[in-house]
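Below: one structure, written as structure tokens.
The values are calculated or read from the model by the stated rules, or taken from the named source; none is laboratory data. Predicted model only: the values in this text are computed from it and were never measured. No Cβ is skipped: glycine too gets one built from the backbone with ideal geometry, and neighbour counts run over all protein chains shown.
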Amino acid sequence: MKNRFFKKIFTVLLITLCLFFIGLLLKAYKDGKFDSVQSLQDYIASFKLFGPVVLTVIQALQVVVPILPGFLGCAVGAILFGSLGGFLCNYIGISAGSIAAFFLAKKYGVKLVKLLFSEKKYEKWSGWIEKKKSSYDAVLFIAILLPLFPDDFFCYFSGLTKMSAKKFIIIILIAKPWCILLYSLIFGINFR
């Protein structure tokens, strides 16, 4: 009985915290803080010591609420915190957001995915993925590994499949860092 009470309290607090951060993210987006690398860089830098935490949270939320391209945060992280610091913030944030998207889709299903992505995009990719059903794990790995694939969508879509959470998390943790590392090195070396 006591355990269930604490679980409910923890869940309410976690949801409240997520809603708070999503609200901040949406306000910053509305205020033009994500219009360019420079505006996002200025926004993150305004948090001073908490900048890495803010960047990590933004990167997680940008997967869950796909309103800005992830490479933008990768660029800002590397410019502000160097290649290694930017990589760590981005990898942790994007991986956490990817895993959260998977679990959200598992829990809330197709309605949520269609709410976040256009019907056209859903039909296009779900039809394509349906043809690749037997090799979906490999398709997901490649989609997460390569830049410019709609990996936010793939994270949500994977939650609609029979893929286990363990397999999804392993794919994210193994495939996700390489593209982020490449962005971190390029932006950390060239723009710092």
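Data overview
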| quantity | calculated |
| --- | --- |
| Residue in region 149-173 that is modelled with the lowest pLDDT, counting only those that are assigned to a helix (DSSP H, G or I) and more than 15 Å from the chain's Cα centre (by Cα) | Leu160 |
| Tabulated pairs, region 105-122, first closer than 18 Å to Ser164 by Cβ, second among the polar types (S, T, N, Q) and modelled with pLDDT of 85 or more, C-beta under 8 angstrom, 6+ apart or interchain | Ala105/Ser158 |
